[in-house]
Amino acid sequence: MRFRPNSTLMSLFRSHILIIPFVVAMASACSGLPEPLVSKLTGRESYHEPSEAMMPTLKTGDVVTGKMTDGTYAPKAGDVIAFLPPKSWGGSGGYMIKRVIGVPGSAVSCCDADHRMIIDGKPLDEPYVANERASHLEFEPVVVPEGHIWVQGDNRDVSLDSRSYSGRAGGGMVPATSVLGVLDVSTAR
């Protein structure tokens, strides 16, 4: 007597016969795919924090993933972002990781008696700042222009950010179009 599988089982097998090898091949190959291809497929990119500027949120050497913006970033205060700094900031041409403090139209100034940033006349609650009594780089109050953002590192004592470059061309502002990704700090490793 010859074994004959039931028709339901055969139908299920036939419908998945091409899918199963594809899934197995993709799973085994994913770690070997070039990162730019993985980024394009997933819409996410990995970024490396090279300094102490974002401590305690990110430590030196942390790798964090972010949703790529493709030049279409809609600024939101509090976002941690990777961006290409303006040419007036000098630097090596690599990306930086900072937190968005001011969005278009925000009046940004430093600081109240408790060393808190002032946004639109109100002290900013920043539980993520490394040292709430951090030394603050003084800068003239600014209003963030349309299409730009004001960024700062969470470790204000060491971060080079919008405050550091407020006296240069562009006034420390970062064009929103230079934002590469909005980072999910919970993915830091």
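Bear in mind these aren't lab numbers, they're just calculated from the coordinates by the rules spelled out. The structure displayed is predicted, hence computed values, not measured ones. Don't worry about glycine lacking a Cβ; one is built from the backbone with ideal geometry, like all the others, and counts go over all protein chains shown.
Per-residue 3J(HN,Hα) values for segment 82-93, derived from phi via the Karplus relation 6.51 cos²θ - 1.76 cosθ + 1.60 with θ = phi - 60°, read 10, 8, 8, x, x, 4, 5, 7, x, x, 8, x Hz in sequence order (x marks Gly and Pro).
Residues with beta-carbon under 11 Å from that of Gly66, excluding Gly66: net charge, scoring Lys, Arg +1 and Asp, Glu -1? So the environment of Gly66 carries a net charge of -1.
Of Asp79, Asp125, Asp112, the sequence from fewest to most neighbouring Cβ atoms within 10 angstrom is Asp125, Asp112, Asp79. When the listed pairs Lys59/Lys98; Lys87/Lys122; Lys59/Lys122 are checked against a 22 Å cut-off, the alpha-carbon distance exceeds it for Lys87/Lys122; Lys59/Lys122. Footprinting exposure proxy ranking of Thr60, Thr72, fewest other C-beta atoms within 10 angstrom first, gives Thr72, Thr60. Site pair Ala169 and Thr60 shows an inter-label distance of 3.3 nm when each label is modelled 7 Å from Cα along Cα→Cβ.
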